[in-house]
Amino acid sequence: MQNLVSASVLSADMLNLESEIRRLEASGIDMLHFDVMDGVFVDNITYGLPILEKVRSTTDMFLDVHLMITDPRRYVERFAAAGADLISFHLESASDTADTIRAIRAAGAKTAVALKPATPAEEVLKYLPELDLVLVMTVEPGFGGQSFIPETTSKVRTIRDRITALGLDTLVQVDGGINDKTAPIVKEAGANVLVSGSYLFGAKDMAAAAAGLKEEIIC
Ligand code: DX5
Ligand code: ZN
């Protein structure tokens, strides 16, 4: 099966977001990755509900919302109502994990938990049956354009092995520093949803770059 590509709008031209979205749609991108940062959970501050509503109003693309905020439980209903198709929140946040997963599902969105690079894979395994996707951060959350951390690869493999052992269809997403060099490494380890910001938006031919990321690895 081909892999999926989620384009991080953090690297988009924010003054021309609508035309950037048209470019993503025309380039065979599967999802739009929307990074929400609160300046507390991570140092950076990005965008939130009003922009997500505007994005929703202009596209049918699958909206993959990555919450890097201190108390995601407090906001998941609002992000679902604003148009999120999937909501990921951090295991390291202050919210109760099981309760937040339940709230996301009850609000009608797909459920996902994200792990920072230093968080062991083992901490997410017990939640797998409740999750549509696990997000393995391959850089420290907070900023686009960072370099891939190779040590995160073994976490992808551990999570993929457990999903296979349990017979689940949970997706494994990687986020940070993904490009034509690092994509084969994470795909080989079992990732099947690749977030990419600076590589995709910086590519001369976005459609060709996306097609390369989506290519299946034949082991
Ligand atoms: C970082 C964000 C990423 C980021 C990826 O905290 O979660 O989604 O935009 O950007 P690149 O692909 O440039 O590393
Ligand atoms: Zn992200």
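The values are calculated or read from the model by the stated rules, or taken from the named source; none is laboratory data. All figures in this text were calculated on a predicted structure; none of them were measured in a lab. Methodologically, a virtual Cβ is constructed for each residue, glycine included, from the backbone with ideal geometry; neighbour enumeration extends over all protein chains shown.
Tabulated values for the structure
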item: Criterion violated by T164 - all others in (1) part of a helix (DSSP H, G or I); (2) under 30 Å from E20 (Cα atoms); (3) of a type outside the set (G, A, S) satisfied; result: (2)
item: Scope the range 194-218; condition in a strand (DSSP E or B) and more than 8 Å from ligand 1 (Cβ to nearest atom); matching residues; result: L194
item: N16 being out of contact with any His (no Cβ under 6 Å at 6 or more places or on another chain), touching a residue at least 60 places away in the same chain (Cβ under 8 Å) and over 24 Å from L171 (Cβ atoms); result: no
item: Tabulated pairs, the range 152-166, first small (G, A, S), second surrounded by fewer than 20 Cβ atoms within 10 Å (Cβ to Cβ) and at pLDDT 95 or above, C-beta under 9 angstrom, 6+ apart or interchain; result: S154/A121
item: Single unsatisfied condition, A191 versus (1) crowded, with 20+ Cβ neighbours inside 10 Å; (2) within 15 Å of ligand 1 (Cβ to nearest atom); (3) over 15 Å from the mean Cα position of the chain (by Cα); result: (3)
item: The range 157-179, residues that are more than 16 Å from ligand 1 (Cβ to nearest atom) and in contact with a helix residue (DSSP H, G or I) (Cβ under 9 Å, 6 or more places away or on another chain); result: R157, T158, I159, R160, R162, I163, L166, L168, D169, T170
item: Residue in the range 1-10 that is farthest from ligand 1 (Cβ to nearest atom), counting only those that are outside any strand (DSSP E or B) and modelled with pLDDT of 95 or more; result: N3
item: Residue in the range 173-192 that is part of a strand (DSSP E or B) and closer than 18 Å to M1 by Cβ present; result: yes
item: Residue within the range 11-31 that is under 24 Å from V134 (Cα atoms), touching a strand residue (DSSP E or B) at 6+ places or on another chain (Cβ under 6 Å), assigned to a loop (DSSP other than H, G, I, E, B) and at pLDDT 95 or above present; result: yes
